[in-house]
1. Taking the Cα centre of segment 110-179 as origin, work out the dipole magnitude from +1 charges on Lys and Arg Cβ and -1 charges on Asp and Glu Cβ, in debye rounded to 20.
2. Specify the residue with the greatest mean-square fluctuation among Ser156, Ser145, Ser76, computed from a Gaussian network of the chain linking alpha-carbon atoms under 10 Å apart.
3. How would segment 93-167 be classified by its alpha-carbon gyration tensor: rounded, prolate or oblate, with rounded meaning a/c under 1.5 and the a/b versus b/c comparison settling the rest?
4. Please list Arg165, Arg44, Arg116, Arg174 from largest to smallest accessible area, probe radius 1.4 Å, with all protein chains kept in place.
5. So the label point goes 7 Å from the Cα of Asn56 along Cα→C-beta, right? Which residues of segment 89-103 then have their backbone N under 13 Å from it?
6. Let me test this: with uniform point scatterers at the alpha carbons of the chain, what is the Debye-based log₁₀ I(q)/I(0) at q = 0.09, 0.13, 0.20 1/Å?
7. Report, to the nearest whole %, how much of the accessible area of the chain belongs to carbon and sulfur atoms, 1.4 Å probe, protein only.
8. As I understand it, the value is the acute angle between the Cα axis of helix 154-165 and the longest principal axis of the Cα atoms of the chain; what does it come to in degrees, rounded to 10?
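The values are calculated or read from the model by the stated rules, or taken from the named source; none is laboratory data. Because the structure is predicted, anything quoted here is derived from the model rather than measured. Here the Cβ positions follow ideal geometry from the backbone for every residue, glycine too, while neighbour counts run over all protein chains shown. Each accessible area value is taken on the protein alone, full model and side chains, heavy atoms only, with ligands, DNA and RNA left out. Shrake-Rupley method; radii C 1.70, N 1.55, O 1.52, S 1.80 Å.
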Amino acid sequence: MTTSIKLNAGDLFPATQVTLLDGTSVALGKPQSNATWQAVFVYRGKHCPLCTKYLNELESYKQKLLDSGVEIIAVSADSKQQLEEHIEKLTISFPIAYGLTEQQMQTLGLYISIPRSEQETDHNFSEPALFVINENGGLQIVDLSNNPFVRPELESLVNGIGWIRNPDNNYPIRGTFKY
């Protein structure tokens, strides 16, 4: 049985470079805007209709997250061509990247799936995940799924992030007990 290493809440987010559709290389976990936090949404790829729906729904929460100081980026293991095809089904304005490698997926502790057929996709891919990285590069929120059906409900997630970001609440990173 193979085991994988999972990132823990409070860990520093590993240095991970990805490529945007325009060819720009960006570092995940390092906001590109005036935001001080970044939410990294890892999705399965263009073959996944649930991912398309989720990313399109995420767009409606972009401004509320930005108002809380959190920018969004999405990434998958798709190729540039696959992302170019997928973007036609997306109505998003946040950055989206392609080409997440298996090594990067392993470093991030993602669940990796093998395609069921060539019709699904032509490469191994990550199951959905969310990393919210704070201003210190630490993992404030970690959510990993091993299937396409379990993902954070966006309204609760965005409201929760807003509550965490409110300095009056002095809310620590949760789940850091070591045993």
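1. In debye, rounded to 20, segment 110-179 gives about 340.
2. Ser156
3. Since a/c reaches 1.5 and a/b is larger than b/c, the shape of segment 93-167 is classed as prolate.
4. If we order Arg165, Arg44, Arg116, Arg174 from most to least accessible, we get Arg116, Arg174, Arg165, Arg44.
5. Label zone hits: 89-92.
6. -0.29, -0.62, -1.54
7. 50 percent
8. 40 degrees
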